[in-house]
Amino acid sequence: MNNFDLLGNHIGEMCDVMDVWIAKLGYSYNHFAVLYSLSNAENGQCTQKQICDEWYLPKQTVFNICKEYREKGWLEFHESPHDKRERIMRLTEVGKQHAEPAYQATTEMFKRTFKAFGKQKTSQLFALMAEFNQVCKKEIDNFEIK
């Protein structure tokens, strides 16, 4: 197995681990992504575009989930003061009651995970990932397809 395949296997395994966690919380990946983003958002608000960009989700998927949450009374939309086409979203009090337990549990689970992994290894992991990404970007820029 080459390193590219091995990298793909590790990324896939991490995705599977996250899918198990999200299912344990009672959500699908996409629904979790929207609720987590809204719970974690600066000033408690974000846009659909921000969620799409952060989680690599299609616009229509995020739109449909936000529409569903709005109909449930979990989410409210406000006009952006900067761009009339952009809609700012916020969780309602009812939405916070549903989102906060999943957000808090996720925060706690990862806090415990990184504590068990260790401060030094966590720093190394993130430093190596950042360095690997930079090397990969450089190689892509310099690579000429023949």
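Taking amide H as placed 1.01 Å from N in the peptide plane, the amide H of THR92 sits under 5 Å from that of LEU75, GLU76, each at least 5 places away or on another chain. Computed 3J(HN,Hα) for the range 22-29, one whole-Hz value per residue from the Karplus formula 6.51 cos²θ - 1.76 cosθ + 1.60 where θ = phi - 60°, is 5, 5, 4, 6, x, 10, 8, 4, glycine and proline marked x. Taking only alpha carbon atoms, the chain gives an Rg to Rh ratio of 1.04, where Rh is the Kirkwood radius.
With a cut-off of 14 Å between beta carbons, the residues surrounding ARG87 carry a summed charge of +3, where Lys and Arg count +1 and Asp and Glu -1.
In this structure, the pairs whose alpha-carbon distance is over 23 Å, taken from LYS115/LYS138; LYS49/LYS84; LYS96/LYS119; LYS59/LYS111; LYS49/LYS121, are LYS115/LYS138; LYS96/LYS119; LYS59/LYS111; LYS49/LYS121. Helical runs (DSSP H, four residues minimum) scored at -39500 (n - 2.57) apiece and divided by the length of the chain put the mean residue ellipticity at 222 nm at -24500 deg cm²/dmol.
Close amide-amide hydrogen proximity is noted between ARG87 and GLN48, each under 5 Å apart and 5 or more residues distant or on a separate chain (H modeled in the peptide plane; Pro and chain starts excluded).
Remark: the range 47-64, residue by residue, has Karplus-estimated 3J(HN,Hα) of 10, 4, 4, 4, 5, 4, 5, 6, 10, 6, 10, x, 4, 5, 4, 5, 4, 5 Hz, where x stands for each Gly or Pro and the curve is 6.51 cos²θ - 1.76 cosθ + 1.60 at θ = phi - 60°. Relative contact order of the chain: 18 percent, from C-alpha pairs under 8 Å at least 6 residues apart in sequence.
Each value in this text was obtained by applying a stated rule to the coordinates, not by laboratory testing. Since we're looking at a predicted model, the values are computed, not measured. Reconstructed Cβ throughout: ideal geometry from the backbone, glycine too, with neighbour counts over all protein chains shown.
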